1. If you check residue A:110 against the conditions, is it part of a helix (DSSP H, G or I), polar (S, T, N, Q), without any contact (Cβ under 8 Å) to a residue 60 or more places away in the chain and more than 9 Å from every other protein chain (Cβ to nearest Cβ)?
2. Enumerate the helices (runs of 4 or more DSSP H) found wholly within segment A:180-273, keeping only those where 3 or more residues are of a type outside the set (Phe, Trp, Tyr), more than 10 Å from chain B (Cβ to nearest Cβ) and closer than 23 Å to residue B:108 by Cβ.
3. Do we have any residue at all in segment A:167-190 that's at pLDDT 95 or above and touching an Asp or Glu at 6+ places or on another chain (Cβ under 6 Å)?
4. Tell me whether segment A:55-66 contains one or more residues that are within 10 Å of chain B (Cβ to nearest Cβ), of a type in the set (Ser, Thr, Tyr), surrounded by 15 or more Cβ atoms within 10 Å (Cβ to Cβ) and more than 30 Å from residue A:188 (Cβ to Cβ).
5. Looking at the structure I just gave you, is residue B:65 farther than 21 Å from residue B:213 by Cα, of a type outside the set (D, E, K, R) and out of contact with any Lys or Arg (no Cβ under 9 Å at 6 or more places or on another chain)?
6. Of a type in the set (A, V, I, L, M, F, W, C), surrounded by 21 or more Cβ atoms within 10 Å (Cβ to Cβ) and either on the phi > 0 side of the Ramachandran plot or in a helix (DSSP H, G or I) (or both): is that true of residue B:169 in this structure?
7. All but one of (1) touching a Gly at 6+ places or on another chain (Cβ under 9 Å); (2) of a type in the set (Ser, Thr, Tyr); (3) in contact (Cβ under 8 Å) with a residue 24 or more places away in the chain; (4) away from every other protein chain (no Cβ under 11 Å) hold for residue A:52; state the number of the condition that does not hold.
8. Just name the residue that is farthest from residue B:255 (Cα to Cα) out of those in segment A:122-145 that are in contact (Cβ under 8 Å) with a residue 24 or more places away in the chain and at the interface with another protein chain (Cβ under 7 Å from one of its Cβ atoms).
Amino acid sequence: MSVRRTSPAVYVGLALVALLSLAPLLYMARVSLGKGGGLPVAPADWFGQPLSLEHYRDLFSGGPMARFTVNSIVVTGIAVPLQILMSAAAGHALARVRFVGRGVFLALATAFLILPRQVTLVPLYLLMAWMGLLDTYAALILPHLADPFGVLFMAHYYQTMSPELEEAARTDGWSSRAIFWRIVLPLSGPGLAVVGVNGFLITWNAFLHPLVLTTSESMRTLPVGLALFAQSEHSVNWGALLAGSSVATAPVLLAFAFFQRQIVEGVLKGSSR
Amino acid sequence: MRARRAPSPGLAPWLFFFAVLGIFPLLYALALSFLSYNPLRPDLVRWVGFDNYARALENPSFWRALRTTVIFVVGTLPVTLTLAYLVAALLASARRAQGFFRAAIFFPATLSMVVISLVFKSLYAEEGLLNGWLASAGLPRVHWLQDPSLALPSIMLMDVWASVGYYAILILAARKTLPDEQLEAARLEGISRLRVERKIVLPHVRPVLLFVVLLNTIRSFQIFIEPFVLTRGGPLESTLTLVYYLYERAFYHFQMGYASALAFLLLVLVGLILLVQRRLLGRGSAEAAA
């Protein structure tokens with residue numbers, strides 16, 4: 001790009017920023033791998049103290065944290081595939097069919113992207129209570145299915161995808177359903193990856209709605225369980241708490257390692273973090 | 001493909017959820033904001049008109065929450081924006097290992113805010129790392145989260161850490177749409193790097209910078225996890241945010257109508273910001289990052 005060489009100062013600066021970004025996470029990992037509930041404060045402690053899996057063993061030996069983890073996995077495991085499928089179906093319908101009211105609908109969905117989600121918190125709570133769904137997996141999953149990002153993203157995605165193949169299949173007498181399942185969906189991988197990984201991050205990290213829509217300890221998701229754990233003010237067990245945080249972070253790190261490009265694309269297209 | 005009148009059935013499942021769990025709750029919230037409603041005493045429900053709004057606007061806690069938000073925005077935005085711009089500039093000029101640095105710097109943006117808050121809670125703890133450093137420098141301990149004058153700045157510092165990478169990526173993406181030839185030409189003409197930055201790059205990424213301003217402001221109005229995990233809105237309501245206040249009213253005091261009025265005040269505030277933004281800064285800015 002440039003005839004000049006990159007000055008080494010650039011790399012020193014970047015290394016510093018990268019270290020600052022990752023240091024709190026390395027600290028989290030270090031505390032979680034220590035013994036006891038205290039915090040290693042001096043550098044001698046960070047490196048000198050022996051490593052131990054004590055906190056992770058405690059987490060999963062029948063404690064509530066194991067249950068929180070299972071809840072998070074169940075909720076994300078059900079919500080995200082549904083999100084992906086519905087986004088593809090609805091996005092495709094929006095991109096290919098000019099039906100009456102399509103413009104209004106697109107405007108509404110876009111407005112919902114900007115809408116502060118907290119506005120629907122109270123009514124969702126009352127709605128779930130009325131349906132008898134408080135404290136169930138349904139209450140944790142359903143709100144995620146109304147998020148418009150995936151649909152809008154896929155509508156845009158299909159608009160830039162040529163409809164020729166679909167038209168050819170239609171003239172061959174294929175049904176719309178067959179076209180969708182056997183042609184459209186298999187060609188949508190890159191788009192669906194963006195929707196899926198961003199949906200995963202939002203669902204896995206969700207906090208306010210899961211906090212409000214569950215009441216018993218056994219239905220808490222990992223973020224909610226961790227946050228409430230930290231509030232039992234008497235002697236916080238940092239080791240246990242940050243081990244739980246590490247468990248909450250591991251799948252995110254994994255998703256990031258494999259789908260960094262798709263996450264960035266989602267960010268640029270306005271997925272809500 | 002030929003235009004058709006009716007939407008295909010593929011739209012139906014999502015449309016159903018969007019209507020029932022998106023549009024309907026929004027209208028429901030609006031209706032609730034005009035009611036006095038405690039779900040534990042459904043027999044006492046009554047229409048109160050704009051009373052909930054009036055009560056919110058008369059309540060010092062509401063204004064304290066608003067004040068907190070303003071302090072938050074004014075305090076974090078210039079710092080975050082400057083740092084994000086600098087980081088993006090650094091990333092852009094690194095020709096080697098750019099991918100690695102970008103990943104390392106962006107990663108915190110994908111983390112749960114609960115996890116970030118817990119890690120910082122441990123750093124800010126009485127016996128935590130920051131106090132450990134102060135002690136080893138012979139300085140007195142600081143009550144980061146218990147001192148009413150320090151709790152909010154402590155949260156703001158965490159927020160800067162958590163958002164710089166995210167915004168740097170947005171700015172970097174905008175920088176990359178600048179044609180290389182243009183920069184090359186400017187450099188061949190011997191224009192200094194700083195001048196290129198000021199005359200070419202900065203105007204080019206301006207729309208994204210404005211978008212970041214907008215995004216950061218709107219997000220600041222919605223902060224909840226940070227005061228929930230770190231301070232419970234205290235001490236002395238110094239970290240009370242609008243959403244935390246709403247949560248407390250709805251789920252500790254069961255004032256569903258009042259909480260819904262707060263929700264709509266939040267909606268109006270965010271709408272106003274979007275409107276002012278459009279007026280002042282041009283309409284391109286909101287779509288710039290899309």
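The values are calculated or read from the model by the stated rules, or taken from the named source; none is laboratory data. Since the structure is predicted, the reported quantities are computational estimates derived from the model, not experimental observations. Heads up, the Cβs are rebuilt from the backbone with ideal geometry, glycines too, and the neighbour counts pull from every protein chain shown.
1. Yes; evaluated as a whole, the condition is true for this residue.
2. A:189-205, A:238-268
3. No, every residue in segment A:167-190 fails to be at pLDDT 95 or above and touching an Asp or Glu at 6+ places or on another chain (Cβ under 6 Å).
4. no
5. No: the conditions fail for residue B:65.
6. Yes; evaluated as a whole, the condition is true for this residue.
7. Exception for residue A:52: condition (3).
8. Checked segment A:122-145; the qualifying residue farthest from residue B:255 (Cα to Cα) is A:145.
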